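Take a look at the structure below.
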Amino acid sequence: MKIAVINGPNLGLLGRREPAVYGHDSLASIQTSLTAHARALGVDITFFQSDVEGELVTAIGQTLGAADGLIINPAAYTHTSVAIRDAIAATGLPCVEVHLSNIYSREPFRHTSLTAPVCVGVISGLGAHGYELALDALVRRQTRAAKPVARRRAAAGKRQS
Ligand code: DQA
């Protein structure tokens, strides 16, 4: 299973950026611990961050046919970007939206997510742990989706023997 992890503007400053809101972990340390978590689950992850909307759109588009799921923190673009929303929808992939902070306990302009409606779920306010929870959710979803097929194959195998 391959999961693409995509982070939007200003998240490259994590650790130094408003630590009372976003915590003390840098994006590099989040990547390191998420990679270890993914390895333990047998999942390959790719990691991408950009401050540029078009680069994020391109990176999301490139996951089509190359990944099984997406984890995205679109950061400020969550609240403004139709282009990122459309890119997520275009992939047809299950996507979990992650926010380090609880966007619903903050300013009203953060309460609207343009991207959430094209995601299978949103994790907001649990800090860096949110990325691991998102990965767990995508793995569980894929495992559950695969099970009925495995059961059908097992049943067909029994009928043939
Ligand atoms: C954020 C929340 C956004 O509102 C904000 O613009 C960010 C980070 C978060 O992870 O809590 O840059 O996505």
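Nothing in this text is a laboratory measurement; each read-out follows from the coordinates by a stated rule. All values reported here derive from a predicted model rather than from experimental measurement. Heads up, the Cβs are rebuilt from the backbone with ideal geometry, glycines too, and the neighbour counts pull from every protein chain shown.
Under 13 Å from a label point set 7 Å out along the Cα-to-Cβ vector of residue 90, the amide N atoms of segment 48-77 belong to 54-65.
Relative contact order (percent) for segment 12-161, with alpha-carbon contacts under 8 angstrom and 6 or more residues of separation?
19
Computed from Cα atoms, the angle from the helix 129-160 axis to the main principal axis of the chain rounds to 10 degrees.
Test of understanding: extend the Cα→C-beta vector of residue 58 to 7 Å, then name every residue of segment 74-111 with backbone N under 17 Å from that spot. Answer for this model: 83-84, 87-88.
For the chain, the Cβ-based charge dipole about the Cα centre amounts to some 1160 debye (Lys, Arg positive; Asp, Glu negative; other atoms uncharged).
Our estimate of slack between residue 144 and residue 35, defined as 0.36 nm per intervening residue step minus the Cα-Cα distance, is 37.0 nm.
Taken one residue at a time, the phi angles of segment 83-100 give Karplus couplings (6.51, -1.76, 1.60, θ = phi - 60°) of 5, 6, 4, 5, 5, 4, 4, 5, 5, x, 8, x, 10, 10, 8, 10, 10, 5 Hz. Gly and Pro are set to x. For segment 2-160, the equivalent ellipsoid built from the Cα gyration tensor has semi-axes of 30, 17, 14 Å, listed from largest to smallest. Using a ≥ b ≥ c from the Cα gyration tensor of segment 1-59 (square roots of the eigenvalues), is it rounded, prolate or oblate, where a/c under 1.5 gives rounded and otherwise the larger of a/b and b/c decides, a/b for prolate? Oblate is the answer for segment 1-59, as a/c is 1.5 or above yet b/c matches or exceeds a/b.
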